[in-house]
Every structure is written in structure tokens, then in C-alpha cells.
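Chemist: Input: one structure, supplied below.
The values are calculated or read from the model by the stated rules, or taken from the named source; none is laboratory data. Bear in mind the structure is a predicted one, so any value in this text is a computation, not a measurement. Glycine gets a Cβ as well: all are built from the backbone with ideal geometry, and neighbour counts include every protein chain shown. The accessibility values were calculated without ligands, DNA or RNA, using every heavy atom of the protein model including side chains. Shrake-Rupley method; radii C 1.70, N 1.55, O 1.52, S 1.80 Å.
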Amino acid sequence: MKRIFISLFALIGILTASAAQSSDTTTTVTSLDDIIAMETQSQMKNSIAMRLQDQWSKSTFLNIGYNMTKLSSKEFPATATRLANEFDNKLGLGIQWGHTFNFHKYPLGSVLFIGLDFTWLDFNFNQYKKCDAPVGFDLGEQVLNLPWHNEKMSLNYGMSVGPSLTLYPFTSLQNSGTDKIRLQLYFHVGYDVAYYQIKDVPEKGNNQETSKKSAWGHGLYTSFGGNITWDFIGVGIESRNDGGINCKPVDDLYNTGKFKIKEKTTRLYLQFRF
């Protein structure tokens with residue numbers, strides 16, 4: 001009887017040890033699976049971050065635009081007064097080149113960057129058709145008045161700075177196509193130098209002989225706009241207001257003093273990011 005009990009206890013011990021060993025093996029296998037899953041997930045996150053970082057680094061922009069500009073003033077020189085007039089351009093082209101400096105390395109909520117735009121090149125060309133002379137205009141006798149209603153063109157060069165918001169609204173989808181969609185809103189303040197050239201201006205004492213006359217101007221301007229891009233290319237719209245360009249004719253014969261010109265521009269542009 002004693003031998004039977006001893007044999008029974010030995011069998012129970014063997015079975016218990018075997019069960020414990022089997023349990024340890026299962027635990028070990030489960031832990032390895034967890035480690036492999038965690039490593040795989042980490043590699044995926046790193047791959048996504050690297051792909052997004054490539055998109056986020058495209059902060060330099062080049063805009064090629066078509067301008068719709070209205071040039072106006074209430075102070076165009078006349079003989080005994082100042083005349084108001086405005087002109088719509090028949091052709092307008094512009095180019096902008098600048099960079100967005102983000103305040104943080106990674107986007108807030110994986111979506112939003114807050115930054116500062118610096119546009120070191122903002123160049124615009126506008127051409128205007130000839131229109132009727134305003135009532136009360138004449139050339140004068142001593143210092144002549146420029147016929148701003150004649151055909152003319154303008155060249156503007158400016159630099160600007162201002163805040164911007166850049167959004168990547170679809171990064172949560174973790175799709176390589178939608179990750180590349182970028183939205184930007186901005187407001188800029190700049191300083192502008194302008195050159196105007198008026199055609200067919202009569203020479204004093206000889207109305208049959210004409211030439212081109214010029215004027216220079218400068219002043220502050222503001223602009224705001226937005227764009228949408230995919231990867232490196234997109235489209236945008238901007239509203240620009242040159243509210244007070246201080247203008248003065250170059251030729252002494254037409255130097256009627258300083259006066260203010262306004263330019264309001266709506267710009268549609270094609271944007272390249274790199």
C-alpha cells in the first residue's frame with residue numbers, strides 16, 4: 001500500500017512539472033509575438049514620419065500669377081485742380097518667391113503648422129489701355145500735366161513678411177496620396193517700389209511730337225490669400241492693396257509734385273513648392 005501512495009505522488013509531481021513547463025513555453029511565445037508586433041508598429045510609424053517629413057520640408061514657394069489690377073487716384077494733376085480717375089489693366093503678370101519659417105518642428109495635432117512667411121521677390125507687370133481724358137484735364141503751360149489716361153504700363157517690386165497657417169488635414173488617414181494635400185492661409189505686409197511709363201505724351205510747344213514719360217513711386221502694401229497644393233504643385237488666390245503709393249514724375253517738365261496712387265490687385269497663381 002505504501003508503494004502505491006509513493007508511486008501516485010511521483011506521478012502527480014511529474015504531471016505538475018510538465019504542465020508548468022508547458023505554461024512557461026506558452027508565456028515565452030506570447031511575449032515574443034508582442035515584441036515582434038511592437039517592432040513592426042514602430043517601423044511603420046517611422047516610415048510614415050519620414051514620408052511626412054519630406055512633405056513638411058517643402059517650405060519654399062514660387063508663385064506665377066495672373067493679375068487683375070485697378071489703378072486709381074483722386075489726385076491726378078490738372079491745371080488748377082486735382083482730378084479723380086481709375087483704370088483697369090488689360091494685362092497683368094506677377095511672380096513671387098519666398099519661404100515659410102515654421103515655429104515648430106512637428107505639426108500641432110499632426111495637422112497644423114504656425115509660421116512666418118518671408119517673400120523676398122514680389123514682381124508685377126501691368127499694362128493699361130488708353131481711355132478718354134477726364135473732364136477738366138489739359139496739359140498746362142509752364143509745368144505740364146502727365147496724361148495718365150493714355151496707354152501706360154507699371155512695374156512693381158516689393159518684399160513682404162507676415163504670419164501663415166499651414167494645414168495637412170488628411171494625415172490621420174495615413175494614405176500616401178492624401179498626406180500630400182496642403183492648405184495655407186496667410187497675411188503679409190510689404191514695401192513696394194513702383195515705376196510707371198506713360199506713352200504718347202506731347203512735347204511742350206509741339207503737339208505733333210510725342211514721347212514716353214516716367215514716374216516713380218513707393219509705399220506700404222498689404223495682402224492676404226490662400227492656396228491648396230498637392231505635393232509640389234498647387235493653385236492659390238490673393239488680394240493685394242497698395243493703399244498709398246507716393247508718386248512723382250521724373251521729367252522736370254512734367255514735375256507737378258508728389259501725389260498718391262492706389263493699386264488694388266486680385267491675383268490667381270500657380271504655386272510650386274520645393
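Chemist: When you look at Ala78, is it among the hydrophobic types (A, V, I, L, M, F, W, C) and closer than 15 Å to Val201 by Cα, yes or no?
Modeler: Yes.
Chemist: Go through Asn175, Asn150, Asn145, Asn124 for me and flag whichever is without any contact (Cβ under 8 Å) to a residue 12 or more places away in the chain, outside any helix (DSSP H, G or I) and either touching an Asp or Glu at 6+ places or on another chain (Cβ under 8 Å) or not aliphatic (A, V, I, L, M) (or both).
Modeler: Asn175 is the lone residue from the list that is without any contact (Cβ under 8 Å) to a residue 12 or more places away in the chain, outside any helix (DSSP H, G or I) and either touching an Asp or Glu at 6+ places or on another chain (Cβ under 8 Å) or not aliphatic (A, V, I, L, M) (or both).
Chemist: Hey, Glu151 hits all of (1) under 19 Å from the mean Cα position of the chain (by Cα); (2) surrounded by fewer than 18 Cβ atoms within 10 Å (Cβ to Cβ) but one; which does it fall short on?
Modeler: Only one criterion in (1) under 19 Å from the mean Cα position of the chain (by Cα); (2) surrounded by fewer than 18 Cβ atoms within 10 Å (Cβ to Cβ) is unmet by Glu151, namely (1).
Chemist: Right, another one. How many residues does region 85-108 contain that are open to solvent by less than 70 Å² (accessible area, probe 1.4 Å) and over 16 Å from Gln197 (Cα atoms)?
Modeler: Summing the residues that are open to solvent by less than 70 Å² (accessible area, probe 1.4 Å) and over 16 Å from Gln197 (Cα atoms) in region 85-108 gives 10.
Chemist: Look at Pro163 and say whether it is farther than 24 Å from Gly257 by Cβ, within 20 Å of the chain's Cα centre (by Cα), modelled with pLDDT under 95 and surrounded by 13 or more Cβ atoms within 10 Å (Cβ to Cβ).
Modeler: no
Chemist: Looking at Ser211, Ser223, can you tell me which residue is over 16 Å from the mean Cα position of the chain (by Cα), among the hydroxyl-bearing types (Ser, Thr, Tyr) and assigned to a strand (DSSP E or B)?
Modeler: Exactly one residue qualifies, and that residue is Ser211.
Chemist: Can you name the residue in region 181-224 that is of a type in the set (D, E, K, R) and either touching a helix residue (DSSP H, G or I) at 6+ places or on another chain (Cβ under 6 Å) or surrounded by fewer than 18 Cβ atoms within 10 Å (Cβ to Cβ) (or both) and, of all such residues, is modelled with the lowest pLDDT? Write out each step before concluding.
Modeler: Step one: list which residues in region 181-224 are of a type in the set (D, E, K, R), which gives 182, 192, 199-200, 203-204, 209, 212-213.
When the remaining residues are screened for being either touching a helix residue (DSSP H, G or I) at 6+ places or on another chain (Cβ under 6 Å) or surrounded by fewer than 18 Cβ atoms within 10 Å (Cβ to Cβ) (or both), the result is 199-200, 203-204, 209, 212-213.
Details: Lys199: 96, Asp200: 93, Glu203: 82, Lys204: 74, Glu209: 85, Lys212: 94, Lys213: 95.
Looking at the filtered set, the residue picked out is Lys204.
Chemist: Here's something else I'd like to know. Please tell me if Ser110 is within 32 Å of the chain's Cα centre (by Cα) and part of a loop (DSSP other than H, G, I, E, B).
Modeler: Yes: the conditions hold for Ser110.
Chemist: Here is a follow-up. Could you grab the pairs with beta carbons closer than 8 Å, sequence gap of 6+ or different chains, first residue in region 60-89 and over 22 Å from Asn156 (Cβ atoms), second one among the polar types (S, T, N, Q) and part of a loop (DSSP other than H, G, I, E, B)?
Modeler: Filtered contacts from region 60-89: Ala78/Asn145; Thr79/Asn145.
Chemist: Now for a separate question. Starting from residues that are closer than 16 Å to Ser154 by Cα and open to solvent by 50 Å² or more (accessible area, probe 1.4 Å), keep the ones in region 113-126 and report whichever is farthest from the chain's Cα centre (by Cα).
Modeler: Phe125
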